[in-house]
Amino acid sequence: MTVFVKSENPPSIERLPQVMRRVGYSRSSLYAMIAAGKFPAPILLGGRAVGWLSHEVDEWISSRVRAPRGGAPMIAKSANVAEQIVNGGPGSTEVKK
């Protein structure tokens with residue numbers, strides 16, 4: 001449970017459109033990530049209104065920046081596919097010209 005201490009900067013709440021703009025995901029993607037435990041859950045504001053604590057969204061964004069990029073495997077896969085095309089398919093040793 002998060003306890004807030006009175007400060008000059010009280011916690012701010014972001015509504016769905018603002019969160020979507022900040023993280024670059026659609027509504028359905030955000031809710032799927034929430035269900036999977038990969039994104040902070042919203043807080044109930046009343047009735048059917050929900051919002052996200054901005055510091056939790058900030059923390060999530062920071063965690064994504066610190067996460068491994070994962071670009072190398074895709075490059076290796078692309079190189080493998082390119083090699084297969086040049087060589088005529090998987091297992092081929094003859095270069096086609």
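The values are calculated or read from the model by the stated rules, or taken from the named source; none is laboratory data. Source: prediction; values computed, not measured.
Quick check on this structure: which one of E8, E56, E83 is at pLDDT below 95 and in a helix (DSSP H, G or I)?
Of the residues listed, the single one that is at pLDDT below 95 and in a helix (DSSP H, G or I) is E83.
Do we have any residue at all in the range 34-41 that's modelled with pLDDT of 95 or more and within 17 Å of P11 (Cα to Cα)?
yes
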